[in-house]
Amino acid sequence: MGRQYIVGAMSIPDLADAGNDDGSSSPEDRLSFDIDDRHAGERLDKALAQLIPKVSRSRLQQWVDAGAVKVNGEAVKPRHTLSYGDVIAVDPQPAVDAAAYQPQPMPLDITFEDAAILVLNKPAGLVVHPAAGHWSGTLLNGLLAHHPPLIELPRAGIVHRLDADTSGLMVVAKTLAAHTSLVRQLQSRTVTREYWAVVLGTPPLRGLVDAAIARDPRNPMRFKVSNAESAKTALTHFVRIDTRVTEGASVSWLACRLETGRTHQIRVHLEHLGHPLIGDPVYRRGLPPRAEHIDAWRAFNRQALHACRLSLDHPTTRERLTWFHAPAPDLAQVMTALGFGPLDTARDVYA
């Protein structure tokens, strides 16, 4: 049966990445160009593209816009016309993603760790992997600070993700062999991932949502159930644990299990069923605009979703391991206020 764990409530040597840790340039990084007949009369942006060919035009324009490029000591516009004898001074700026793979110490709620894997309870609000708008302060940065050798692994050992505002259990590989094993287990659907969700309305007692998902062409930040050729198979099992009526609205506590792991899968599928997650800022079709009339979740500003259970075969010992983690305090408080509980009674609804 295996063990169960129950827990309570890259530097690139290129001019494009020059700069100090604080984003400033060192004197030895700074560049200077004297304008002669070859570039006199040219626009600054065009001359820079020829003088610094290793840096993209868009990056160069960002430097100009940031005042990191000066002509005769003055910040100018990209379209500035150069004259013979002008002196261009350039302070190379780090790429916006320069901090993506930098270690950043942060508290990690580690549930289990050995030489092969690390299981942690991710808090809501923490982005898992660097991306546009979140090049630092991510879980990946924290993992690199906790265990620097992760820099050698794809995505620093991260093999699956949780949405930024979804809390709960994640597994991280610490070796290449463990990474390969976990990826194969995810592909073969032998990793069990169970989530607790609080939704509007009263879904059936149990069911399976088998509905492919694709990016919403009208809103690239959303996904939707779709028959498009680009849509990917998505399957979500659910069991309704309890339903309560509060201030004229029925709300239900579900346990959801993923067969596939598409982006926003549970959120998309439950909205598609007509039972969106309370607090969800994106997938809220059918939710009251701000739910002011329901005190229990008025101040709850994220989707009510928590990855409570994770089961997998240990990459080294092959032993089946299971971890359970109670919901984060903010979600537990909302669930209790809605009348659900005691929460421990639903620990094994799929048993």
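Would you check which residues across the range 118-144 are of a type outside the set (A, V, I, L, M, F, W, C), in contact with a Lys or Arg (Cβ under 8 Å, 6 or more places away or on another chain) and at pLDDT 95 or above and list them?
none
On the basis of being hydroxyl-bearing (Ser, Thr, Tyr) and closer than 28 Å to ASN301 by Cα, does THR180 make the cut?
Criteria not met by THR180.
Among residues belonging to the range 42-82 that are among the small types (Gly, Ala, Ser) and either modelled with pLDDT under 90 or not in a helix (DSSP H, G or I) (or both), point out the one that is farthest from PRO94 (Cα to Cα).
Among those residues, the one meeting the criterion is GLY73.
Hey, can you tell me all the residues within the range 189-234 that are under 15 Å from ARG285 (Cβ atoms) and in contact with a Gly (Cβ under 9 Å, 6 or more places away or on another chain)?
Within the range 189-234, LEU200, GLY201, PRO203 qualify.
Test THR236 against the criterion of being over 30 Å from GLU319 (Cβ atoms) and under 22 Å from the mean Cα position of the chain (by Cα), and give yes or no.
For THR236, the condition - over 30 Å from GLU319 (Cβ atoms) and under 22 Å from the mean Cα position of the chain (by Cα) - is not met.
So GLN93 ticks every box in (1) farther than 30 Å from LYS174 by Cα; (2) at pLDDT below 90; (3) surrounded by fewer than 19 Cβ atoms within 10 Å (Cβ to Cβ) but one. Which box is left unticked?
(3)
Just to confirm my filter: which strands (runs of 3 or more DSSP E) fall fully inside the range 157-267 and include at least 2 residues that are assigned by TED's automatic domain parsing to the domain that holds THR317 and among the charged types (D, E, K, R)?
Counting at least 2 such residues, we get 192-200, 206-210, 235-246.
Based on this model, can you work out whether PRO149 counts as at pLDDT 90 or above, more than 30 Å from ALA75 (Cβ to Cβ) and in a loop (DSSP other than H, G, I, E, B)?
No.
Identify all residues within the range 192-215 that are farther than 25 Å from SER167 by Cβ and surrounded by fewer than 16 Cβ atoms within 10 Å (Cβ to Cβ); write none if there are none.
Hits for the range 192-215 are PRO204, LEU205, ASP210.
The values are calculated or read from the model by the stated rules, or taken from the named source; none is laboratory data. For clarity, every value in this text was computed on a predicted model and none was experimentally measured. Glycine gets a Cβ as well: all are built from the backbone with ideal geometry, and neighbour counts include every protein chain shown.
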